[in-house]
Amino acid sequence: MPIQRRDVDGIILLDKPMGLSSNQALGRVKYLLAARKAGHTGSLDPLATGLLPLCFGQATKVSGWLLDADKHYLAVARLGVETATGDLEGEVLRQLPVPELSDADIEAACAGLRGRIQQTPPMYSALKHKGQRLYDLARRGVEVDRPAREVTIHSLRVERLAPDRLRLEVHCSNGTYIRTLVQDPGRALGCGATVAELRRTGHGAFDAADMVSMATLEAAAAKGGPEAIECWLLPADRALADRPEVRLDAASSRFLLQGQPVFAPGVRDMGPLRLYGASGEFLGIGALQDDGRVAPRRLFVSGNSC
């Protein structure tokens, strides 16, 4: 019997299991929730685990802001191995002996990887070249030029786990390739490196504390149906919890919901703003204009959330 889709609003912070693509994980949770509309907020490789915000219904309106948000990762690097994909799932290209390394050697290899840096996207990535995904070209043995682009590594902590293992704790901007970040110190050390484990622990205003596993969702849905997993839905405005909050009176709320900019005394921040009505209902996302008025960017037609 076909599943009856329904309107569901909110965000589930999935602890994505290894082996599933982001789209596969989204499709599974969308099915469990019987949701009509859904989207994820930035891919995690099948090898990777961890925080994957899944947006449903009106919460998909905040997905663009989540796509651009900073991320936090924990990665384990295997020294002495280089692969075609930059992780242990790829074809081994070369194996090299790992020299005896001091903490100073490791730190020196990572010293140039903090702050604003240039990264060349790997061939095994979802970027497109003339309409084709780079990973599709790579699988056919085709390599194309990829312009380097600037990313920001806000912090990078490196810990040695074993003679051939490093643990990297990374806080980075959107668009950072962790596989490239792991390969670079391996090359600087002269032995190569590849990703052995990768876990996302933070995404914008979200952290790992509110994640739920796929197994937990599946068990709850099997017992109580789609409604049984609604308790893990977070309201859409949680995605912008680190942005300023603006409260509007009833008259300003009414004009805003008609698409008109309104005055909001005291607002100074030009970035995304969380807009609320007089009763505390979330109205949507706005931005400060040069004339001092707050203009709507994405509006929510109701405050329906779990």
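The values are calculated or read from the model by the stated rules, or taken from the named source; none is laboratory data. Worth saying up front: this structure is predicted, and the values here are computed from it rather than measured. A quick note on method: Cβ atoms are made from the backbone with ideal geometry, for glycine too, and the neighbour counts reach across all protein chains shown. Heads up: the accessible areas ignore ligands, DNA and RNA and are worked out on the full protein's heavy atoms, side chains in. Shrake-Rupley method; radii C 1.70, N 1.55, O 1.52, S 1.80 Å.
Looking at segment 52-85, which of its residues are in a helix (DSSP H, G or I), in contact with a helix residue (DSSP H, G or I) (Cβ under 7 Å, 6 or more places away or on another chain) and open to solvent by less than 20 Å² (accessible area, probe 1.4 Å)?
Once the filter is applied, which keeps residues that are in a helix (DSSP H, G or I), in contact with a helix residue (DSSP H, G or I) (Cβ under 7 Å, 6 or more places away or on another chain) and open to solvent by less than 20 Å² (accessible area, probe 1.4 Å), segment 52-85 yields Ala59, Val62, Leu66.
Looking at segment 1-49, which of the residues that are part of a strand (DSSP E or B) and open to solvent by 10 Å² or more (accessible area, probe 1.4 Å) is modelled with the lowest pLDDT?
Looking at residues that are part of a strand (DSSP E or B) and open to solvent by 10 Å² or more (accessible area, probe 1.4 Å), I get His40.
Residues are listed down the side, and each one gets a yes or a no for (1) of a type in the set (Asp, Glu); (2) open to solvent by 20 Å² or more (accessible area, probe 1.4 Å):
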residue: Glu230; (1), (2): yes, yes
residue: Ala236; (1), (2): no, no
residue: Asp242; (1), (2): yes, yes
residue: Phe255; (1), (2): no, yes
residue: Gln260; (1), (2): no, yes
residue: Leu273; (1), (2): no, no
residue: Ala278; (1), (2): no, yes
residue: Phe282; (1), (2): no, yes
residue: Pro296; (1), (2): no, yes
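Out of all the residues in segment 162-177, is one or more open to solvent by 70 Å² or more (accessible area, probe 1.4 Å), touching a helix residue (DSSP H, G or I) at 6+ places or on another chain (Cβ under 8 Å) and over 29 Å from Phe56 (Cβ atoms)?
no
Starting from segment 162-180, take each residue that is touching a residue at least 12 places away in the same chain (Cβ under 8 Å) and list its partners that are surrounded by fewer than 17 Cβ atoms within 10 Å (Cβ to Cβ) and not in a strand (DSSP E or B), counting only C-beta distances under 6 angstrom and pairs at least six apart or across chains.
Close Cβ pairs (under 6 Å, with a partner that is surrounded by fewer than 17 Cβ atoms within 10 Å (Cβ to Cβ) and not in a strand (DSSP E or B)) amount to Ser173/Asp70; Asn174/Asp68.
Kindly provide the set of residues from segment 7-57 that are farther than 22 Å from Val76 by Cβ, in contact with a Lys or Arg (Cβ under 6 Å, 6 or more places away or on another chain) and not hydrophobic (A, V, I, L, M, F, W, C), ordered by number.
Asp7, Arg36, Gly57
Restricting the search to segment 104-132, which residues are among the β-branched types (Val, Ile, Thr), surrounded by 15 or more Cβ atoms within 10 Å (Cβ to Cβ) and outside any helix (DSSP H, G or I)?
Within segment 104-132, just Ile117 meets the criteria.
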